[in-house]
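The values are calculated or read from the model by the stated rules, or taken from the named source; none is laboratory data. No experiment lies behind these values; they were computed from the predicted model shown. Cβ placement follows ideal geometry from the backbone for every residue including glycine, while neighbour counts extend to all protein chains displayed. Heads up: the accessible areas ignore ligands, DNA and RNA and are worked out on the full protein's heavy atoms, side chains in. Shrake-Rupley method; radii C 1.70, N 1.55, O 1.52, S 1.80 Å.
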Amino acid sequence: MKTRRPYLGPLILITLGVLLLLDKLEIAEFGNIISTYWPLILILVGLRMFFRYGRSESQAGVPQDVMFSGTTQESASTTISSSNVFGDVDMKITSTDFHGGSISNVFGDMNIDLSEIQLAEGEQTLKLDGVFGDMHVLVPKNIEVYVTAHSVIGDMRVLGNVKSGFGQQISYTTPNYPGATKKLRLITNQVFGSAKIW
């Protein structure tokens, strides 16, 4: 079962609100607090990432903690455009004429299920951007795909290719991608956290 941390986004928002209020009431200077405690924020983000690395994976290669279930938002739209600041994004795209789009999330995980999409004619591009959290993308096995994954700090797994550390990139192309009449260009950018494409 998926381990969620729904309190992370609201906790950050509450903390920022308290700091802004203290600054406004001239009790404390916001700039000094941020410059003093910024390393602590990085440590907390690092600890969150560290404890996520120990999760087990199933024999099929998809993590056991990734679930696309009843709470997943389902979309049959031909084009996706979604932005989220706090909380997880769990989305299953079931379009029968998919033209691509973009999904972004600031604080929280992204679980995107593309396993049932049917592409429109030509090359369709889907861009996924995350800042704090993990990204899991399930791609269909029956389409040609070209993946470019970027990560600032964290590990990446793209269809069997693995990298970890700082400033990593993985590019992967299925063998028949150049000549395919329907194909998906997937671009992912993750700042803090893992990015896994299955």
Q. When you go through Val145, Val162 one by one, which is the residue that is assigned to a strand (DSSP E or B) and either farther than 18 Å from Leu128 by Cα or of a type in the set (Ser, Thr, Tyr) (or both)?
A. Val162
**Q.** Wholly within the stretch 99-140, strands (runs of 3 or more DSSP E) carrying at least 2 residues that are in contact with a Lys or Arg (Cβ under 6 Å, 6 or more places away or on another chain) and at pLDDT below 95
**A.** none
Q.
Just to be sure I understand the filter: pairs with C-beta atoms under 8 Å, separated by 6 or more residues or on different chains, first member in the stretch 77-93 and in contact (Cβ under 8 Å) with a residue 40 or more places away in the chain and among the acidic types (Asp, Glu), second member in a strand (DSSP E or B) and crowded, with 19+ Cβ neighbours inside 10 Å. Which pairs pass?
A. Asp88/Asn105; Asp88/Met110; Asp88/Asn111
Q | Residue in the stretch 70-82 that is open to solvent by 80 Å² or more (accessible area, probe 1.4 Å), of a type outside the set (Ser, Thr, Tyr) and at pLDDT 65 or above present | A | yes
Q | Gly101 crowded, with 16+ Cβ neighbours inside 10 Å, at positive phi and in contact with a helix residue (DSSP H, G or I) (Cβ under 8 Å, 6 or more places away or on another chain) | A | no
Q: Output the residues belonging to the stretch 149-189 that are in contact (Cβ under 8 Å) with a residue 60 or more places away in the chain and either open to solvent by 70 Å² or more (accessible area, probe 1.4 Å) or closer than 18 Å to Asp109 by Cα (or both).
A: Ile153, Gly154, Asp155, Thr181, Lys182, Leu186, Ile187, Thr188, Asn189
Q. Conditions: (1) within 24 Å of Tyr172 (Cβ to Cβ); (2) modelled with pLDDT of 85 or more; (3) of a type in the set (Val, Ile, Thr). Ile153 meets all but one. Number of the miss?
A. (2)
Q. Among (1) surrounded by fewer than 16 Cβ atoms within 10 Å (Cβ to Cβ); (2) modelled with pLDDT under 90, where does Phe192 come up short?
A. (1)
